[in-house]
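Data block below; observations after.
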Amino acid sequence: MKIEKGILITTYRGREDDCAQEAWYIFSELGYSDFWPEKPGMPGIVILKVSFDPIKAVEDLANYAKDKVWGIRYILKAIPLEIITETDYEKIATATETLAPKIEENKTFRISVTNRGSNLSSRTIIEKCAEKINRKVNLKNFDYEVVIEIIGNIAGVSILKREQVFSLHKFREKAIKEISGQE
């Protein structure tokens, strides 16, 4: 079975086309070629469907932003989606179970759900997914985060470390501190 993966990108409302174009430009410049943007019909959201490792691609975007943080205008946040599936309790739990071995023994995790346009209960999603992971939960000082992004009938699941989500705001904040000598 082929696993569908992608990158969830947030942008300003009404700027989805500009964001998709910027993502195409930057990821092409970074050497990626096999991807296509999709607009799921939610304001401010673009999903890049990819055939490559979305975590590495977001890390490459972060490295790109270190030098060109002021050149990025529309990609506000980029979240890797290791598995894209249907918005269904069991399918999300199965995707979580598939990724669960990424969390090493003696490491902790937490689950976060961002639910946009779905009637599924975030609490039920968390309960069903937590059953699939045989590790300790730590809501504050976790080693890994099970990120579940729901956009209508599409659900994306990833198991990430803290630094594996790109936030333009955080990069700009850091750049301002460096320029002003506060860091």
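Read the figures in this text as sums done on the coordinates, not as results from a lab. Please read all numbers here as calculations on a predicted model, not as lab measurements. Cβ: placed from backbone, ideal geometry, glycine included. Neighbour counts: every protein chain shown.
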As a test of the formula, what do you get for the chain when each DSSP H run with n ≥ 4 contributes -39,500 (n - 2.57) and the sum is divided by the residue count, at 222 nm and rounded to the nearest 500 deg cm²/dmol? -10500 deg cm²/dmol
Relative to the first principal axis of the alpha-carbon coordinates of the chain, what is the inclination of helix 16-29, with its axis defined by its Cα atoms, in degrees from 0 to 90 and to the nearest 10? 80 degrees
When each of LYS5/LYS140; LYS5/LYS39; LYS68/LYS140; LYS140/LYS161; LYS136/LYS174 is checked by Cα-Cα distance, pairs over 23 Å: LYS5/LYS140; LYS68/LYS140; LYS136/LYS174
At 7 Å along the Cα-to-beta-carbon direction for both MET42 and ASN141, put a label point, then send me their distance in nm to one decimal. 3.3 nm
Whichever aspartates and glutamates have a C-alpha closer than 14 Å to that of LYS107, once near sequence neighbours (fewer than 8 apart) are set aside: ASP143, GLU145
